[in-house]
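Just so it is clear, none of the values below were taken in a lab; they were calculated from the coordinates. None of these values were measured; they are calculated from a predicted model. Methodologically, a virtual Cβ is constructed for each residue, glycine included, from the backbone with ideal geometry; neighbour enumeration extends over all protein chains shown.
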Amino acid sequence: MPHADNTFEVETGGQWWRLSWHAGPVAPEGRAHGAAGICLADDGVVLISTDGVCWDFPAGRPDGGERWEEVLRREVREEACAVVTDARLLGFSRGRCLKGAESGLVLVRSIWLAQVRLLDWAPAFETRFRRVVPAAGAIDQIPPTYRPVWVRAFAQCGLA
């Protein structure tokens, strides 16, 4: 549900979160929770899926002391079998847990626009499917929970 202050609330995993968008390059306060990317390849946007039904953008959490862009590059390689050839930080999604087991926790995720080169499809991690779709319909193919963040990211990079 959107609020007048450009935040919105979502329920996920039995918890309620208030999310907000923050333009880069400085991350808002909170625990670094990884990176996600709008990955452009072959005249479209790369989407990934674990089941071939629910689709999303490549994303993941930091491994050790990785920096924001390092997380993006590793996750795109692991999940989408693609190499990031250029990346531009679009901003940050910040979530504060309002209700649930992690109440009070604040997580921050970097959001990127990445040019990628697709490699041969050889899934080795949780992702089992990959496809490239036109940018105009990409947001409609992801779950609605975090759509407001992606709408803002697409607008930020001129794909809206």
Review point. What order do you get for 103, 93, 110 when you list them from fewest to most C-beta neighbours inside 10 Å?
Key: 103, 93, 110
Point to revise | Amide proton proximity set for residue 50, modelled H, under 5 Å, gap of 5+ | key: 128
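Place the peptides 35-44, 56-65 in order of packing, highest mean first, counting for every residue the other Cβ atoms within 10 Å and averaging per peptide. Walk me through the intermediate numbers first.
Working: 35-44: 20.7, 56-65: 16.6.
The most tightly packed comes first, giving 35-44, 56-65.
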Review point. How large is ³J(HN,Hα), in whole Hz, for each residue of the range 111-117 in order, when computed from phi with the Karplus curve 6.51 cos²θ - 1.76 cosθ + 1.60 and θ = phi - 60°, using x for Gly and Pro?
Key: 10, 10, 10, 10, 8, 10, 10
Review point. Separation of the range 57-85 and the range 96-160 by C-alpha centroid, Å?
Key: 12
Review point. By how many degrees, 0 to 90 and rounded to 10, does the Cα axis of helix 68-80 deviate from the longest principal axis of the chain?
Key: 50
Study note, to complete from the structure: The residues 130, 67, 31, sorted from fewest to most surrounding Cβ atoms within 10 Å, come out as 31, 67, 130
Practice item. Might you report the magnitude of the Cβ-based charge dipole of the chain about its Cα centre, with Lys and Arg at +1 and Asp and Glu at -1, to the nearest 20 debye? Key: 280
Revision key, fill the gap. Mean separation of Cα contacts under 8 Å (at least 6 apart) over the residue count of the chain, i.e. the relative contact order in percent, is 30
Exercise for review: For the range 1-112, state the average projected area of the convex hull of the C-alpha atoms over all orientations, rounded to one decimal in nm².
Suggested key: 8.3
Check your understanding: So what's the angle, to the nearest 10 degrees on a 0 to 90 scale, between helix 147-156 and the longest Cα principal axis of the chain?
Key -> 70
